[in-house]
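Engineer: Pasting in a structure now, in structure tokens, and then I'll have a few things to ask.
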Amino acid sequence: MRLSGSDRVLVIMAKAPRPGAVKTRLIPNLSPEAVTAFYCCLLDDTLALARSLEVAGVEVAIMCPESDVNELARLAGTQLLGKAASVVAQKGEGLAAGLTSVFAHFAEGHRTSARRTNPLRRRIIAFNSDSPHLARSVLEDAFETLAAHDVVVGPTHDGGYYLVGAKVSHSALFAGDGMGTSSALERLLARARALELSVGFADRFYDIDTADDLSRLAEELRLAPARAPRTAAWLKEWDSTAH
């Protein structure tokens, strides 16, 4: 018997695009208003990337602080055609609380409602809102990796991670500090080992935190703007004024 709803969920970790609240490490190089405009483009293209997996049966959702739900629901509903992505308020403050909320909401809630019809577990992946340039195949492969492991992680070159997935809510997996630091991945893997969870890996990648990341992304999208068209257009204008 088939489960109601999808057995794969891709959840974008996002914030409402407000000056001084998003991509703050770029502010020394860009004004808060420019950073906000840039983040809007990243988020829009990330949503489009995520929505491209819907044809393969992947459910798309957004997890965000409670104060951002209405604004992100409006953005998700007006910037994309078709069924709007669901927007869910996280419980607690900060990224660790947001990630914990993803699996508590989408894994545990689904397991309770589906227990009588099918024992299969959903595969849930939480994904950064600033990696629209990631190849769709990386996300598809991450879901396949998760089928054979308890956890899947997509490492970044700076010691963090841009995606993490699981089939069950592990409340201790994101406990403690270190989120958003160069030791974030190391800490996550240490907690996974302590919980005796098997871990599979997605391709190593980079997200957009610094001016060097911005320049790298601008060059990549200059050669292949269709990968993230709104972001490419913004970066083309930024690059022409910055140089």
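Engineer: Can you give the calculated 222 nm mean residue ellipticity of the chain, where each DSSP H run of n ≥ 4 adds -39,500 (n - 2.57) and the sum is split over every residue, rounded to the nearest 500 deg cm²/dmol?
Structural biologist: -12500 deg cm²/dmol
Engineer: A further question on this structure: Just the number, please: carbon plus sulfur as a percent of the accessible area of the chain, 1.4 Å probe, no ligands or DNA/RNA counted.
Structural biologist: Details: 6100 of 11640 Å².
Carbon and sulfur together cover 52 percent of it.
Engineer: Kirkwood Rh over alpha-carbon pairs of the range 122-243, then Stokes-Einstein at 10 °C and 1.306 mPa s: what D in µm² s⁻¹, rounded to an integer?
Structural biologist: Numbers: Rh = 15.6 Å.
Value of D from the Cα-based Kirkwood radius: 102 µm²/s.
Engineer: Further question: Compute the distance in nm between two label points, each set 7 Å from the Cα along the Cα-to-Cβ direction, one at Val168 and one at Arg25.
Structural biologist: It works out to 3.3 nm between the two label points.
Engineer: Can you give me the Rg/Rh ratio for the range 31-82, using Cα atoms for both radii and the Kirkwood formula for Rh?
Structural biologist: Here the Rg-to-Rh quotient is 1.00.
Engineer: Remind me, what semi-axes does the chain give for its equivalent ellipsoid, largest first in whole Å, using sqrt of 5 times each Cα gyration tensor eigenvalue?
Structural biologist: Output for the chain: semi-axes of 29, 20, 17 Å.
Engineer: If you don't mind, another one. For the pair Ser52/Ser67, report the inter-label distance in nm, with labels modelled 7 Å from Cα in the Cβ direction.
Structural biologist: Between Ser52 and Ser67, the label points sit 3.4 nm apart.
The values are calculated or read from the model by the stated rules, or taken from the named source; none is laboratory data. In this text the structure is predicted, and so the values were computed from the model without any measurement. Reconstructed Cβ throughout: ideal geometry from the backbone, glycine too, with neighbour counts over all protein chains shown. The area values use the complete protein model at the heavy-atom level, side chains included, leaving out ligands, DNA and RNA. Shrake-Rupley method; radii C 1.70, N 1.55, O 1.52, S 1.80 Å.
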